[in-house]
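The values are calculated or read from the model by the stated rules, or taken from the named source; none is laboratory data. Remember, predicted model here, so these are calculated numbers, not experimental data. Cβ placement follows ideal geometry from the backbone for every residue including glycine, while neighbour counts extend to all protein chains displayed. Just so you know, the surface numbers come from the protein's heavy atoms only, side chains and all, with ligands and any DNA or RNA stripped out. Shrake-Rupley method; radii C 1.70, N 1.55, O 1.52, S 1.80 Å.
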Number of protein chains: 2
Amino acid sequence: MTYPIFSDEYFMNEALKEAQKAYEADEVPVGAIVVSDQRIIARAYNMTEKLGDVTAHAEMIALTSASNYIGFKYLVDCALYVTLEPCLMCAAALKWAQLGRLVFGASDDKAGYHTIEYPVLHPKTEIKFGILEPECSELLKDFFRSKRR
Amino acid sequence: MTYPIFSDEYFMNEALKEAQKAYEADEVPVGAIVVSDQRIIARAYNMTEKLGDVTAHAEMIALTSASNYIGFKYLVDCALYVTLEPCLMCAAALKWAQLGRLVFGASDDKAGYHTIEYPVLHPKTEIKFGILEPECSELLKDFFRSKRR
(Lines give C-alpha, C1' and ligand atoms only; values in the text may rest on other atoms or scores of the structure.)
Protein backbone atom coordinates (compact mmCIF):
# COMPACT_ATOMS: atom_id res chain seq x y z
CA MET A 1 0.00 0.00 0.00
CA THR A 2 1.28 3.47 -0.79
CA TYR A 3 0.39 6.56 1.09
CA PRO A 4 -0.38 9.85 -0.57
CA ILE A 5 2.15 12.63 -0.24
CA PHE A 6 0.29 15.73 0.78
CA SER A 7 1.28 19.17 -0.38
CA ASP A 8 2.06 22.24 1.72
CA GLU A 9 -1.20 23.70 0.39
CA TYR A 10 -3.10 20.69 1.68
CA PHE A 11 -1.68 21.07 5.17
CA MET A 12 -2.06 24.85 5.21
CA ASN A 13 -5.69 24.37 4.34
CA GLU A 14 -5.98 22.21 7.46
CA ALA A 15 -4.41 25.02 9.49
CA LEU A 16 -6.92 27.39 7.89
CA LYS A 17 -9.76 25.20 9.12
CA GLU A 18 -8.41 25.75 12.63
CA ALA A 19 -8.20 29.49 12.01
CA GLN A 20 -11.84 29.39 10.92
CA LYS A 21 -12.76 27.81 14.26
CA ALA A 22 -10.99 30.71 16.00
CA TYR A 23 -12.95 33.16 13.88
CA GLU A 24 -16.22 31.52 14.84
CA ALA A 25 -15.19 31.67 18.51
CA ASP A 26 -14.51 35.41 18.15
CA GLU A 27 -10.77 34.94 18.55
CA VAL A 28 -8.12 36.49 16.31
CA PRO A 29 -8.27 33.84 13.57
CA VAL A 30 -4.95 32.03 13.57
CA GLY A 31 -4.72 28.26 13.22
CA ALA A 32 -1.86 25.78 13.35
CA ILE A 33 -1.20 22.10 12.86
CA VAL A 34 1.85 19.92 13.44
CA VAL A 35 2.74 17.26 10.91
CA SER A 36 5.01 14.28 11.45
CA ASP A 37 5.69 11.77 8.72
CA GLN A 38 2.78 13.11 6.62
CA ARG A 39 0.35 12.78 9.51
CA ILE A 40 -1.31 15.57 11.45
CA ILE A 41 -0.44 14.98 15.10
CA ALA A 42 -1.72 18.25 16.59
CA ARG A 43 -4.33 20.88 15.76
CA ALA A 44 -4.90 24.17 17.52
CA TYR A 45 -6.28 27.63 17.17
CA ASN A 46 -5.77 30.86 19.05
CA MET A 47 -7.57 30.75 22.41
CA THR A 48 -6.23 33.84 24.17
CA GLU A 49 -9.71 35.24 24.84
CA LYS A 50 -11.39 31.99 25.82
CA LEU A 51 -8.60 31.01 28.19
CA GLY A 52 -7.81 34.59 29.23
CA ASP A 53 -4.17 33.75 28.66
CA VAL A 54 -1.80 35.66 26.39
CA THR A 55 0.33 32.55 25.90
CA ALA A 56 -2.52 30.59 24.29
CA HIS A 57 -1.46 31.27 20.72
CA ALA A 58 -2.23 28.56 18.18
CA GLU A 59 1.46 27.67 17.79
CA MET A 60 2.04 27.29 21.54
CA ILE A 61 -0.96 25.00 21.98
CA ALA A 62 0.00 22.97 18.90
CA LEU A 63 3.58 22.65 20.09
CA THR A 64 2.58 21.43 23.55
CA SER A 65 0.03 19.06 22.04
CA ALA A 66 2.53 17.63 19.55
CA SER A 67 5.14 17.07 22.27
CA ASN A 68 2.54 15.29 24.37
CA TYR A 69 1.61 13.13 21.40
CA ILE A 70 5.13 12.02 20.53
CA GLY A 71 6.22 11.89 24.18
CA PHE A 72 9.28 13.99 23.49
CA LYS A 73 9.91 17.68 23.86
CA TYR A 74 11.90 18.13 20.66
CA LEU A 75 10.14 18.37 17.31
CA VAL A 76 13.12 17.90 15.01
CA ASP A 77 11.21 15.68 12.60
CA CYS A 78 8.04 17.74 12.62
CA ALA A 79 6.64 20.56 10.51
CA LEU A 80 4.41 23.27 11.94
CA TYR A 81 1.93 24.92 9.58
CA VAL A 82 0.48 28.18 10.82
CA THR A 83 -1.72 30.67 9.00
CA LEU A 84 0.14 33.74 10.34
CA GLU A 85 3.83 34.35 10.87
CA PRO A 86 4.73 33.46 14.48
CA CYS A 87 5.36 36.24 16.98
CA LEU A 88 8.57 36.47 18.98
CA MET A 89 7.20 34.33 21.82
CA CYS A 90 6.10 31.54 19.49
CA ALA A 91 9.22 31.67 17.34
CA ALA A 92 11.42 31.44 20.44
CA ALA A 93 9.32 28.48 21.63
CA LEU A 94 9.80 26.80 18.25
CA LYS A 95 13.55 27.33 18.65
CA TRP A 96 13.53 25.59 22.03
CA ALA A 97 11.62 22.74 20.36
CA GLN A 98 14.23 22.56 17.57
CA LEU A 99 11.39 22.46 15.07
CA GLY A 100 12.33 20.78 11.80
CA ARG A 101 10.25 22.88 9.46
CA LEU A 102 8.09 25.99 9.72
CA VAL A 103 5.53 26.86 7.07
CA PHE A 104 3.42 29.97 7.45
CA GLY A 105 0.83 31.70 5.31
CA ALA A 106 0.54 35.44 5.87
CA SER A 107 3.43 37.58 7.07
CA ASP A 108 3.01 39.78 10.13
CA ASP A 109 4.84 43.06 9.67
CA LYS A 110 3.77 44.27 13.09
CA ALA A 111 4.46 41.42 15.51
CA GLY A 112 6.07 38.71 13.38
CA TYR A 113 9.47 37.35 14.40
CA HIS A 114 11.08 38.67 11.21
CA THR A 115 10.54 42.25 12.39
CA ILE A 116 13.56 42.04 14.68
CA GLU A 117 17.06 41.68 13.33
CA TYR A 118 17.96 38.53 15.18
CA PRO A 119 17.82 34.87 14.14
CA VAL A 120 15.04 33.87 16.53
CA LEU A 121 14.37 30.42 15.05
CA HIS A 122 16.66 27.42 15.39
CA PRO A 123 19.38 27.47 12.73
CA LYS A 124 18.28 24.04 11.51
CA THR A 125 14.61 24.97 11.08
CA GLU A 126 13.63 25.10 7.40
CA ILE A 127 11.30 27.98 6.61
CA LYS A 128 8.71 28.40 3.90
CA PHE A 129 6.08 31.12 3.73
CA GLY A 130 3.36 32.60 1.57
CA ILE A 131 1.42 29.31 1.30
CA LEU A 132 -2.28 30.19 0.80
CA GLU A 133 -1.31 33.71 1.83
CA PRO A 134 -4.43 35.37 0.32
CA GLU A 135 -6.80 33.05 2.21
CA CYS A 136 -4.88 33.30 5.50
CA SER A 137 -4.64 37.06 5.21
CA GLU A 138 -8.25 37.62 4.13
CA LEU A 139 -9.61 35.77 7.16
CA LEU A 140 -7.65 38.08 9.47
CA LYS A 141 -8.67 41.22 7.58
CA ASP A 142 -12.28 40.13 7.64
CA PHE A 143 -12.09 39.58 11.40
CA PHE A 144 -10.65 43.01 12.12
CA ARG A 145 -13.09 44.67 9.70
CA SER A 146 -15.98 43.10 11.61
CA LYS A 147 -14.54 44.46 14.85
CA ARG A 148 -14.44 48.01 13.53
CA ARG A 149 -18.05 47.96 12.43
CA MET B 1 -5.37 46.37 60.62
CA THR B 2 -2.19 47.03 58.70
CA TYR B 3 -0.53 44.58 56.39
CA PRO B 4 3.20 44.07 56.26
CA ILE B 5 5.02 45.35 53.20
CA PHE B 6 7.24 42.58 51.96
CA SER B 7 10.61 43.25 50.38
CA ASP B 8 11.88 42.12 46.98
CA GLU B 9 14.22 39.79 48.88
CA TYR B 10 11.26 38.22 50.65
CA PHE B 11 9.45 37.50 47.39
CA MET B 12 12.60 36.33 45.61
CA ASN B 13 13.13 33.90 48.44
CA GLU B 14 9.68 32.50 47.69
CA ALA B 15 10.68 32.12 44.02
CA LEU B 16 13.84 30.37 45.24
CA LYS B 17 11.71 27.87 47.14
CA GLU B 18 10.05 27.04 43.81
CA ALA B 19 13.46 26.70 42.15
CA GLN B 20 14.45 24.30 44.92
CA LYS B 21 11.42 22.14 44.07
CA ALA B 22 12.61 22.05 40.45
CA TYR B 23 16.07 20.99 41.64
CA GLU B 24 14.60 18.17 43.68
CA ALA B 25 12.56 17.08 40.64
CA ASP B 26 15.76 16.99 38.55
CA GLU B 27 14.67 19.98 36.47
CA VAL B 28 16.85 22.98 35.68
CA PRO B 29 16.20 24.88 38.93
CA VAL B 30 14.28 28.02 38.04
CA GLY B 31 11.33 29.22 40.09
CA ALA B 32 8.86 32.06 39.72
CA ILE B 33 6.02 33.69 41.60
CA VAL B 34 3.52 36.38 40.67
CA VAL B 35 2.60 39.02 43.22
CA SER B 36 -0.45 41.27 43.16
CA ASP B 37 -1.09 43.81 45.89
CA GLN B 38 1.53 42.20 48.16
CA ARG B 39 -0.03 38.76 47.78
CA ILE B 40 1.43 35.75 45.98
CA ILE B 41 -1.19 34.72 43.42
CA ALA B 42 0.86 32.17 41.44
CA ARG B 43 3.80 29.86 42.06
CA ALA B 44 5.61 27.74 39.53
CA TYR B 45 8.84 26.01 38.71
CA ASN B 46 10.39 24.74 35.53
CA MET B 47 8.69 21.52 34.38
CA THR B 48 10.09 21.04 30.90
CA GLU B 49 11.31 17.50 31.65
CA LYS B 50 8.31 16.33 33.63
CA LEU B 51 5.84 17.62 31.04
CA GLY B 52 8.11 16.94 28.06
CA ASP B 53 7.28 20.42 26.87
CA VAL B 54 9.81 23.14 26.06
CA THR B 55 7.24 25.84 26.81
CA ALA B 56 6.86 24.76 30.45
CA HIS B 57 9.28 27.34 31.84
CA ALA B 58 8.52 28.63 35.33
CA GLU B 59 7.55 32.07 34.02
CA MET B 60 5.08 30.69 31.46
CA ILE B 61 3.33 28.50 34.01
CA ALA B 62 3.26 31.33 36.56
CA LEU B 63 1.88 33.74 33.97
CA THR B 64 -0.91 31.38 32.89
CA SER B 65 -1.71 30.58 36.52
CA ALA B 66 -1.83 34.28 37.51
CA SER B 67 -4.12 35.11 34.58
CA ASN B 68 -6.42 32.27 35.57
CA TYR B 69 -6.45 33.54 39.15
CA ILE B 70 -7.34 37.13 38.35
CA GLY B 71 -9.59 36.16 35.43
CA PHE B 72 -7.87 38.58 33.12
CA LYS B 73 -5.10 38.10 30.60
CA TYR B 74 -3.21 41.31 31.36
CA LEU B 75 -0.96 41.54 34.39
CA VAL B 76 -0.44 45.31 34.48
CA ASP B 77 -0.70 45.48 38.27
CA CYS B 78 1.38 42.39 38.92
CA ALA B 79 5.04 41.71 39.60
CA LEU B 80 6.77 38.53 38.49
CA TYR B 81 9.75 37.34 40.53
CA VAL B 82 11.94 34.78 38.84
CA THR B 83 15.28 33.36 39.93
CA LEU B 84 16.83 33.51 36.44
CA GLU B 85 16.57 36.15 33.73
CA PRO B 86 13.73 35.21 31.36
CA CYS B 87 14.57 33.81 27.93
CA LEU B 88 13.25 35.36 24.73
CA MET B 89 10.08 33.24 24.76
CA CYS B 90 9.21 34.15 28.33
CA ALA B 91 10.12 37.83 27.95
CA ALA B 92 7.94 38.07 24.84
CA ALA B 93 5.09 36.39 26.75
CA LEU B 94 5.52 38.91 29.56
CA LYS B 95 5.27 41.66 26.97
CA TRP B 96 1.99 40.28 25.67
CA ALA B 97 0.79 40.23 29.30
CA GLN B 98 1.84 43.85 29.77
CA LEU B 99 3.49 42.83 33.02
CA GLY B 100 3.80 45.68 35.50
CA ARG B 101 7.10 44.72 37.11
CA LEU B 102 9.77 42.11 36.51
CA VAL B 103 12.28 41.17 39.19
CA PHE B 104 14.90 38.56 38.48
CA GLY B 105 17.83 37.14 40.40
CA ALA B 106 20.66 35.79 38.25
CA SER B 107 21.38 37.08 34.76
CA ASP B 108 21.57 34.65 31.85
CA ASP B 109 24.30 35.67 29.44
CA LYS B 110 23.53 32.73 27.15
CA ALA B 111 19.76 32.68 26.68
CA GLY B 112 18.51 35.73 28.59
CA TYR B 113 16.40 38.29 26.77
CA HIS B 114 19.05 40.99 27.27
CA THR B 115 21.41 39.13 24.93
CA ILE B 116 19.60 40.48 21.89
CA GLU B 117 19.59 44.15 21.05
CA TYR B 118 15.87 44.62 20.97
CA PRO B 119 13.44 45.86 23.61
CA VAL B 120 11.64 42.55 24.12
CA LEU B 121 9.70 43.54 27.24
CA HIS B 122 6.76 45.91 27.32
CA PRO B 123 7.92 49.55 27.54
CA LYS B 124 5.90 50.04 30.71
CA THR B 125 7.36 47.01 32.55
CA GLU B 126 9.63 48.10 35.42
CA ILE B 127 12.73 45.94 35.71
CA LYS B 128 14.92 45.12 38.70
CA PHE B 129 17.56 42.42 38.84
CA GLY B 130 20.32 40.97 40.97
CA ILE B 131 18.01 40.24 43.92
CA LEU B 132 19.47 37.26 45.84
CA GLU B 133 21.69 36.74 42.80
CA PRO B 134 24.29 34.59 44.66
CA GLU B 135 21.63 32.16 45.93
CA CYS B 136 19.78 31.98 42.58
CA SER B 137 23.00 31.49 40.69
CA GLU B 138 24.52 28.96 43.08
CA LEU B 139 21.49 26.67 42.83
CA LEU B 140 21.87 26.57 39.04
CA LYS B 141 25.64 26.02 39.20
CA ASP B 142 25.17 23.25 41.73
CA PHE B 143 22.61 21.58 39.45
CA PHE B 144 24.86 21.63 36.40
CA ARG B 145 27.88 20.51 38.46
CA SER B 146 25.88 17.48 39.63
CA LYS B 147 25.04 16.67 35.99
CA ARG B 148 28.70 16.63 34.97
CA ARG B 149 29.72 14.23 37.71
inquiry  = Taking a ≥ b ≥ c as the square roots of the Cα gyration tensor eigenvalues, with a/c under 1.5 meaning rounded and otherwise prolate when a/b beats b/c, else oblate, which class fits region A:80-149?
reply    = prolate
query = Averaged across the residues of A:92-98, what count of C-beta atoms belonging to other chains lies within 10 Å of each residue's C-beta?
reply = 6
remark   = Site A:ASP26, offset 7 angstrom along Cα→Cβ, radius 16 Å on amide nitrogen, limited to region B:68-83, gives B:72-73
request  = Would you mind giving the mean number of other chain beta-carbons within 10 Å of the Cβ of each residue in A:54-66, as a whole number?
outcome  = 4
task = Of the options A:GLY52, A:VAL30, B:ALA106, report the single residue whose Cα projects farthest towards the positive end of the charge dipole of the protein assembly as shown (beta-carbon charges: Lys, Arg +1; Asp, Glu -1).
result = A:GLY52
query = Roughly how many debye, to the nearest 20, is the charge dipole of chain A about its Cα centre, given +1 on each Lys and Arg Cβ, -1 on each Asp and Glu Cβ, and no other charges?
reply = 220
query = Taking the Cα centre of the protein assembly as shown as origin and charging only Cβ (+1 Lys, Arg; -1 Asp, Glu), how large is the dipole, in debye to the nearest 20?
reply = 220
task = Using a Gaussian network model of chain B whose springs link C-alpha atoms within less than 10 Å, name the residue from B:GLY52, B:GLY112, B:GLY100 with the highest mean-square fluctuation.
result = B:GLY52
query = Any idea what angle helix B:133-148 forms with the longest principal axis of chain B, computed on alpha-carbon atoms, 0 to 90 degrees, nearest 10?
reply = 30
task = Note the per residue figure in Å³ for the convex hull of the C-alpha positions in the protein assembly as shown.
result = 147
key: Prolate/oblate/rounded label for region B:1-122 (Cα gyration tensor, a/c 1.5)   = rounded
inquiry  = Charges on Cβ only, +1 for Lys and Arg, -1 for Asp and Glu, centred on the Cα centroid of region B:11-149; of B:PHE143, B:LEU94, B:VAL82, which one is farthest towards the dipole's positive end?
reply    = B:LEU94
ask   = What base-10 log of the normalised intensity I(q)/I(0) is obtained for region B:42-112 from the Debye formula, alpha carbons as equal point scatterers, at q = 0.25 Å⁻¹?
value = -1.22
inquiry  = Taking the full set of protein chains and a 1.4 angstrom probe, give the accessible area of A:PHE104 in square angstrom, rounded to the nearest 10.
reply    = 10
request  = Would you mind telling me which residue in B:GLU59, B:GLU133, B:GLU117 has the biggest mean-square fluctuation in a Gaussian network model of chain B, where springs connect alpha carbons within a distance under 10 angstrom?
outcome  = B:GLU117
message = I'd like the distance between the alpha-carbon centres of region A:26-69 and region A:116-131, rounded to an integer number of Å.
response = 19
ask   = Relative to the Cα centre, what is the charge dipole magnitude of region A:34-85, using +1 at the beta carbon of each Lys and Arg, -1 at the beta carbon of each Asp and Glu, and rounding to the nearest 20 debye?
value = 160
key: Interface area, B with A, accessible, probe 1.4 Å, both sides summed, Å² nearest 100   = 2100
query = Build a GNM of chain B with springs between Cα atoms under 10 Å: which of B:VAL54, B:VAL28, B:VAL76 gets the top mean-square fluctuation?
reply = B:VAL54
remark   = Residues whose modelled amide H sits under 5 Å from the amide H of A:PHE129, counting only those 5 or more places away in sequence or on another chain, are A:PHE104
inquiry  = For a 27 Å ceiling on Cα separation, which of these pairs sit above it: A:LYS147/B:LYS95; A:LYS124/B:LYS73; A:LYS141/B:LYS124?
reply    = A:LYS124/B:LYS73; A:LYS141/B:LYS124
